[in-house]
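In what follows, a structure is listed as structure tokens, so that the remarks can point back to it.
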């Protein structure tokens, strides 16, 4: 890795001609990767990176190289142990990640367009921490990135939308909990605009942040969405971990596409207060990490009962509930017959689980009806977005919109910049005439369908978990309000990552972590992207 430039007289970033990149993807086999733009037309990277540049350029390359084997791809307990032994402190840990971010994100050949805001106070906050984490939560001193629909003071919360470009908020409830436990908020990362509920757009694109790219193949592989920045930044080791959000697949999808561990928790385990909404019925934040143990630590650090969130529950589990040590021997897993036929990596993984002593039962899921699912999202967002704006926008003069209709009208005033891929999903919200009573019936029916989809094989065969691929069964898990943990399973011949997803019943996060950790130890599939190893 080259030394960073020491001068701030020249711009840190100069926009480049992206014509060739766009042309190269014009006939991509994945239609959603036929990009219309790569770089943001709105965000000035110099404004993002200049405030901390003077400190970052002082960070010695020798220190970075010394820390690299102690930090890169290491889990939180290992990093905390290195701090305890005096090998580096929390400020140096922040600088280590900033060094990587500046090196890769300010080079057009490696930029992932993933970090779109940095906490200008993060180094001061790190300097105030104790010398080590003894007596604190394991998340203490760990730099964390947030998806940019999650409120954090000192940084705007845009959801990737120009309509919210200047949106200033207080900390979301889960961010308050992270800070109370000593975590360091490093910055914000890009996402699929409006959490992928604006159009049939490329995953990871937003008018504010530009097009997020996959570190395993910048123009070759989909990032997944909508938590694209959370997945790509963790994959590239830009932070210890990141927080994403999911309504249906938005944590599981980018986790699978970027070979990271993602947990979509039971609805209500984590607060949604202070997060730009799609659906108060199905939304949840969740942790995205390089290992299962880190995932449990981050989820635990965000937990807490929130009286402002009607779905919030009290879950006072024992300390280290996420770190149970189990064997795969004797465990019973359900494998989808169609995946056994269609996916060789999934099939080979089932054989590895069998060899480790697990019982694999192949099944066909019951036929269920999810009709009306889209109306849950449509009507919830129509109601929930105005409520969010009223409750959390600190300065109403900085945000011109108050409703979905306002957003649609705002975007139409400059469609080329604000909605380059259109806004068909927002338009669909406005034309959805589902009544309140009709919506109540849809929610009840789809929740029952989701639970039937999983409960039937679980109960018939006494299963510990259902095993899926990436976000393939995310919609059913969403409607059931069940937790799903996705863990790196391997890589296709092309190099594209693929994950195994464990699905359990409500509040079985601890069980899923135990199973996921045992699987992770057995397979050891995750590899750092080759272009981001320096």
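Values quoted throughout were computed directly from the atomic coordinates according to the rules given, and no laboratory measurement underlies them. Being a predicted model, the structure only gives us computed values, none of them experimental. Cβ sites come from the backbone with ideal geometry, for glycine too, and all protein chains shown count toward neighbours.
Find how much the distance from residue 342 to residue 81 grows on full extension, using 0.36 nm per residue of separation minus their present alpha carbon separation; answer in nm with one decimal.
89.6 nm
Protection proxy ranking, highest mean first, for peptides 526-532, 156-162, 210-216: 210-216, 156-162, 526-532, where packing is the per-residue count of other beta-carbon atoms within 10 Å, averaged. Taken as Cα centroids, segment 327-351 and segment 219-287 sit 24 Å apart, rounded to the nearest whole angstrom. Across segment 258-364, C-alpha contacts under 8 Å between residues 6 or more apart give a mean separation that, scaled by the residue count, equals a relative contact order of 23 percent. Once C-alpha pairs closer than 8 Å and six or more residues apart are averaged by separation and normalised to the residue number of the chain, the relative contact order reads 15 percent. Entry note, segment 373-437: relative contact order of 42 percent, from Cα contacts under 8 Å with a spacing of 6+ residues. Among DSSP beta bridges whose residues both lie in the chain, state the antiparallel percentage, nearest 5. Roughly 65 percent of the DSSP beta bridges within the chain come out antiparallel. Among the listed options (i) 23.3; (ii) 28.1; (iii) 29.8, the one matching mean projected area of the Cα convex hull in nm² as calculated from these coordinates is (i).
Label-to-label distance, residue 16 versus residue 180, with points set 7 angstrom from Cα along the beta-carbon direction: 4.5 nm.
Helical content of the chain, expressed as a calculated mean residue ellipticity at 222 nm, amounts to -11500 deg cm²/dmol (DSSP H runs of 4 or more residues, -39,500 (n - 2.57) each, divided by residue number, nearest 500).
Taking the DSSP beta bridges with both ends in segment 106-250, the antiparallel portion is around 45 percent. Each peptide in 144-155, 439-450, 514-525, 29-40 was scored by the mean count of other Cβ atoms within 10 Å over its residues; highest first, the order is 144-155, 514-525, 439-450, 29-40.
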